[in-house]
1. List the residues whose amide H sits under 5 Å from the amide H of Asn220, counting only those 5 or more places along or on another chain, with H placed 1.01 Å from N in the peptide plane.
2. Between Glu133 and Ile522, what is the label-point separation in nm under the 7 Å Cα-to-beta-carbon projection?
3. Simple spin-label model, 7 Å along Cα-to-Cβ: Ser172 to Asn485 in nm?
4. Going by how many other Cβ atoms sit within 10 Å of their own, how do Ser502, Ser199, Ser439, Ser216 line up, fewest first?
5. Residue by residue through the stretch 499-514, what is 3J(HN,Hα) from phi via Karplus (6.51 cos²θ - 1.76 cosθ + 1.60, θ = phi - 60°)? Round to whole Hz and write x for glycine and proline.
6. Hey, what's the Kirkwood Rh for the stretch 460-564 if you take every pair of different alpha carbons, in angstrom?
7. Residue-wise, which Karplus ³J(HN,Hα) couplings in Hz belong to the stretch 390-398, taking 6.51 cos²θ - 1.76 cosθ + 1.60, θ = phi - 60°, and x for glycine or proline?
8. At a temperature of 10 °C and a viscosity of 1.306 mPa s, determine how fast the stretch 47-172 diffuses translationally according to Stokes-Einstein, using the Kirkwood radius over alpha-carbon pairs as Rh; express D in µm²/s, rounded to the nearest whole number.
Amino acid sequence: MRCYILIIFIFFNWIVNSQNSGDYPMEIPIILSGTFGELRPNHFHAGIDIKTKGREGFNVYSIGSGYVTRIQITHGGYGKALYIKHDNGQTSVYAHLKKYSPKIEKIVKEIQYKRESYTFRVYPKENEIRINEKELIGYSGNTGRSYGPHLHYELRDNMDRPINPMKYKNYSVTDTISPVVLGLHYKEIPKNSISGSNSSFKNLELTKISNKLFISDTLNTNGLIGFGVNSYDRMNNTWNKMGLSEIKVNMDGEKVFEMNLNSFSYDEWRHINTFIDYASYKNKKIRIQKLYIEDYNPLDMYNRSLGNGVINIKDQNKVYLYKIRLFDYNKNYTEILVPIRWKEKINYRTKEPKSKNIYSINKDSVYNLSFASSSIKLNKNTFYTDKEIEIIERDNILSIDKDSIPVLKEMTIKFNTKRYNESTVNKTYIAKLEKGNKSSFVSNELKNSELIADIKLLGDYMIKVDSIPPSINLIDVEDNQWISNKDKLQIRINDENSGISSYRGTLNDKWILLEYNPMKGILTYDFDDNINNSESKNILKVSIKDNVGNTSRLEKVFFRITKK
Ligand SMILES: [Zn+2]
């Protein structure tokens, strides 16, 4: 009997395993710092982040056989990334790599030296670069938009939709900790207008009964209510905050809302700002995950057969029980119980005096608004829904409400540059003003003496002038120094105002590959690239341009023992 069970077990395992693309991409024990579907600024996390003990350089293996469909290096985003299409139709993605395996690195360097560019994107032909199962493909790193060494590993189905890799392989992540609850919020929703609700979320006090159970104060209200929860997941052996996998809600035992974050399409990414309450995120830095669905919300992760999740408190003689269950991927869950009692609402309607700079934007109309030195064009569907937006120009600052409303389509803003003389106008750019007197570069596109930008964030914009060239310093190398024992050159670059736009380096007048890490502001040259190894005297030249064209140049002579 036992033998049969074993055979069935093996057979079952074989079926499960034959459906997925092989194995775990690393050899180190799996501890995650990011889960699939986790909430990130402006997107859902499309893969899992595997911790690498705070270090770089661990072997990364292909999870299955197949061929390389994309090699991509970007300054931000995934940094050095590799995409492999497997024989079962799935694609695996490995990102933030430090370096590729020698086989791929050779191809990468050829492309970089041919194109004279560190960043590039190529799509090799089918089976041009074959990869075996468990073949070494690279080393884990920290390139691109990464806040510490880790491997971003992603799996996509044959339609290129990201799927949770945990679903396809038992990685046996130790996770016995149920999701952590930071806050419970609710909102009164006007009748017939779930989307038009401009009121903000209110907080409801929670009492912690255990790590897995919370009870809220009784909510006394009536009419339509939408809830939102601020929660994240934790796993054993790490303090990283990770995402939830599922949320289920019922009221008096009946299902009212369900969502599941285990697969989504890339088109859905940007709609994350309809899943969370964008205003709370931008104003208070808290991510309230809404437990109801606005009419315009296009996300596919809801069980829409249950309706929109808004509840209606209309029975005066009963206590309702609203129950939220928050699940992590390993099915640990935390419960929140919310008693709700009908209560008459005092209808105090304070009509706030309307500022005359408020525009009622109908989402299906186009608007062209002009001010003293600037203008803005709103296209159809700039916002998810009709909105009242305050737009005003004051002291040459075009103030477009506040960045607390999600924007669906780009708007075009223009600034007149007539007040700048000819020599200055070429140093102007549109900047977005940020908190703490900071600003960020938006555009320097100049057309008919107007600066133009397409923007996707509300907020304050103005023209700034940048006439200061970037700073550039070779680290730890003096003029005419012998540096035979160094295997790398590092150059620190920075531009305070408009920011770095391009860089170029040569060694004895031959282009060299400088790897740029914008998070650190460092350019690195690797002597292994063997540019001019026949003479001991070397002349390094590096030039850096900022976003309005101010240029800095560095020239250094150093000596090295020639290698043969
Ligand atoms: Zn990641």
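1. Answer set, sorted by chain and number: Arg341.
2. Computed distance between label sites Ile522 and Glu133 equals 3.9 nm.
3. 4.6
4. Working: Ser502 13, Ser199 9, Ser439 17, Ser216 20.
Fewest-to-most Cβ neighbours within 10 Å comes out as Ser199, Ser502, Ser439, Ser216.
5. 3J(HN,Hα) across the stretch 499-514, in whole Hz: x, 6, 10, 8, 8, 8, x, 9, 10, 6, 6, 9, 4, 10, 6, 10.
6. Details: mean 1/r = 0.0683 Å⁻¹.
Result for the stretch 460-564 stands at 14.6 Å.
7. Here the 3J(HN,Hα) series is 8, 10, 8, 10, 9, 6, 6, 9, 8 Hz.
8. Working: Rh = 14.6 Å.
Using the Kirkwood radius from Cα pairs, D works out to 109 µm²/s.
Each reported figure results from applying straightforward, stated rules to the coordinates on display, with no laboratory input. No experiment lies behind these values; they were computed from the predicted model shown. As a convention, Cβ positions derive from the backbone with ideal geometry for all residues, glycine included, and neighbour counts pool all protein chains shown.
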